[in-house]
Amino acid sequence: MALPGLGGRGSLLLALAGFAGLMDTAFLLGVVAAYAEHLGASKAEAGFIAGLYSMAAIPASIAAGIVVDKVGRKKALIAGLAWDTLAVTLYTTASTPGELALYRGLHAIGGSLVYPAFFSIVGDTSRRGGEGYAAGRYLAVIGAGVALGSAAGGRAVEMLGFQNALRLLSLILAIGTAAAVALPYRDSGIARRAGVARGLMASRLKVLGAAATMASLYLGFGILVGGLSTALTGEGVVEGEEEASALAGLSIGVASIASLPAFLLSGRLIDAGRGALALAAASASALAGAAALAQSPSHPGVLVFAALYGPLIGAGMTLSTYLAITVPPWSRGTSIAIQQVSNILGVAVGAPLGGVLSGAMGLEGIALGIAGSTLLLAALSILSLKMVGAGSPG
């Protein structure tokens, strides 16, 4: 796990900071809307409050990337984690839906700093020619955090109640903040001396490739989020909305677990100049999963699909992150922030599309949407690798 510029202890501290800082979003995914209802919000208001994080994160992410490049990676990481800790603590003090909405929006500002700061440090401290594997390893850490957060959020609320579950999450974030403070990393200051825009223009093919591949991957995520559960109820695979929600959540967990080895393998192949092979194999697996979903509308069919779709998550995210972190150092934070915005936009387009496909064609429509997003990702990935030079650093 050690990065050359950090050593073993520093790499573990960085992993802990990233794990905490990106787990919180997954932890809250299934909690915020229910908490808003608990405070008296209508279902429509609860949905709006849950989605407010993404709305605020789009402009906040661009500003965050510039902060990371101009102020410094470590300072931004500490600030983002500390802000997140405070925001989640404020959740526990909310007494009305309006207060919760305010804190949800504030949370997005801190959260937007964490991802670009974290991966800028990964890029800064990676061995030249080893950026793909470094990206894959730390994405695997984050993937584990997302899987754990998704599984633990609702369970923690069930066992502890909203207030104590949120206090537990605040504690985890505080530990992540302490890890960032102890991180043996010093900002070089190169970003403050050079022009961010100049670096982005010099590596525009990588920046565009990172954004396009991430957007196409998250287009597929959006289709699943917006249409899988309703397709399950529409075709009678489940007996009600609660069972549909549980099966959809389980499928995301299965896909997340299946993605973990793909992060590591894809990183190795990208560094070896064989990134196209990684994407082709993962795309073939996802297409087979989509076929299984269409042909077997059942609990096992959904889980087979999830297991076969997981490798595409690993390969697609690793390639996108590799492209984003191998731009000039003085523009790295902003490049990663653009990548972060692209995943939000991908879901924003994919979720309503998933609803349309679910209503029109059921699970076959979801499978068709996943197949289309997979082919789009494969084409953009191979094109990006060809244009920037497959696996070549810098």
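Which aspartates and glutamates, if any, have their Cα less than 17 Å from the Cα of residue 75, not counting same-chain residues under 8 positions apart?
84, 124, 187
Which whole-number percent is the relative contact order of the chain (Cα, under 8 Å, 6+ apart)?
On the way: 766 pairs, mean separation 101.3, N = 394.
Relative contact order comes out at 26 percent.
Roughly how many percent of the accessible protein surface of the chain is carbon and sulfur, given a 1.4 Å probe and a whole-percent answer?
69 percent
I want the local charge near residue 176. Using Cβ-Cβ distances under 11 Å, sum +1 for each Lys or Arg and -1 for each Asp or Glu among the other residues.
Overall, the nearby charge balance is -2.
Testing the spin-label approximation: label points 7 Å from Cα along Cα→Cβ at residue 264 and residue 383. State their distance in nm.
Result: 3.4 nm between the two label points.
Heavy-atom accessible area of residue 114 with all protein chains present, probe 1.4 Å, nearest 10 Å²?
The accessible area comes out at roughly 0 Å².
Around residue 388, under 11 Å between beta carbons, what's the net of Lys plus Arg minus Asp minus Glu among the other residues? Mind dumping the intermediate values first?
Details: positive: 204, 206, 386; negative: none.
Value of the local net charge: +3.
Taking θ as phi - 60°, what are the ³J(HN,Hα) couplings along region 45-50 by the Karplus curve (6.51, -1.76, 1.60), each to the nearest whole Hz, with x for Gly and Pro?
Karplus-based 3J(HN,Hα) across region 45-50 equals 5, 5, x, 4, 5, 4 Hz.
Gap in Å between the Cα centre of region 75-126 and the Cα centre of region 46-73?
One Cα centre to the other: 9 Å.
What number comes out for accessible area per residue over the chain if the probe is 1.4 Å? Units Å², please.
Accessible surface, normalised per residue, equals 38 Å².
Specify which labelled value, from (1) 5, 20, 27, 27, 15, 4, 2, 1, 0; (2) 6, 24, 34, 26, 10, 1, 0; (3) 5, 18, 20, 12, 10, 12, 12, 8, 3, 0, agrees with P(r) over Cα pairs in 10 Å bins from 0, in percent derived from the coordinates of the model shown.
Evaluating P(r) over Cα pairs in 10 Å bins from 0, in percent on these atoms matches (2).
Less than 15 Å Cβ to Cβ from residue 200, Lys/Arg counted +1 and Asp/Glu -1: what total charge do the surrounding residues give?
Net charge around residue 200: +4.
The values are calculated or read from the model by the stated rules, or taken from the named source; none is laboratory data. Worth saying up front: this structure is predicted, and the values here are computed from it rather than measured. Cβ coordinates were reconstructed from backbone atoms using ideal geometry, including for glycine residues, and neighbour counts include every protein chain displayed. To get the accessible areas, we keep the full protein, side chains included, count just its heavy atoms, and leave off ligands, DNA and RNA. Shrake-Rupley method; radii C 1.70, N 1.55, O 1.52, S 1.80 Å.
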